[in-house]
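The values are calculated or read from the model by the stated rules, or taken from the named source; none is laboratory data. Bear in mind the structure is a predicted one, so any value in this text is a computation, not a measurement. Quick reminder, even Gly has a Cβ in these numbers, built from the backbone with ideal geometry, and neighbours come from all protein chains shown. These area figures cover heavy atoms from the full protein model, side chains too; ligands, DNA and RNA do not enter into them. Shrake-Rupley method; radii C 1.70, N 1.55, O 1.52, S 1.80 Å.
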Amino acid sequence: GWCPLSPAGAQTPQLLVEPPWTPAVQWDRVTLTCQGSGTAGATTWYKDGRQWGLEGSYQLTVTESGTYRCDRPGTGLSPPVTVSNDWLVLQVPARALLEGDTVTLRCRG
């Protein structure tokens, strides 16, 4: 949906997670894609609140656990995506889930 807080009604960018499971785990070689309006080549990445990675790239291959966000000029920060390095993790599909949905859970270790 539309976020009323971002400037000029622009939609905040979304972080797509590949493979599409949450929480993401570092040992899956996770790729994050910053998707949204604004210039893809002007993407800035943040990990745990600090600037991170290659500036300008709309994709990021995760090498460390932490909380990641992307920023596009004019649309602001994406919601955070956490990449875990826990030794055991219960994963759900990385999409909006509604009550009554049939969901496959993955226990990974």
Legend entry - Meets criteria (more than 28 Å from residue 103 (Cα to Cα) and not aromatic (Phe, Trp, Tyr)) for residue 51: yes
Inset, instruction - Please verify whether region 74-96 includes one or more residues that are over 19 Å from residue 19 (Cβ atoms) and among the acidic types (Asp, Glu). - result: no
Legend entry - Tabulated pairs, region 61-77, first under 16 Å from residue 39 (Cα atoms), second outside any loop (DSSP other than H, G, I, E, B) and of a type in the set (Asp, Glu), C-beta under 9 angstrom, 6+ apart or interchain: 77/71
Inset, instruction - Working carefully through the options 14, 51, find the one that is polar (S, T, N, Q) and free of Cβ contacts under 8 Å to residues at least 24 places away in the same chain. - result: 51
Inset, instruction - Could you list all residues from region 51-87 that are outside any loop (DSSP other than H, G, I, E, B), of a type in the set (A, V, I, L, M, F, W, C) and open to solvent by less than 50 Å² (accessible area, probe 1.4 Å)? - result: 60, 70, 81, 83
Inset, instruction - Looking only at region 29-50, decide whether some residue is open to solvent by 80 Å² or more (accessible area, probe 1.4 Å), of a type outside the set (Gly, Ala, Ser), part of a loop (DSSP other than H, G, I, E, B) and within 16 Å of residue 12 (Cα to Cα). - result: yes
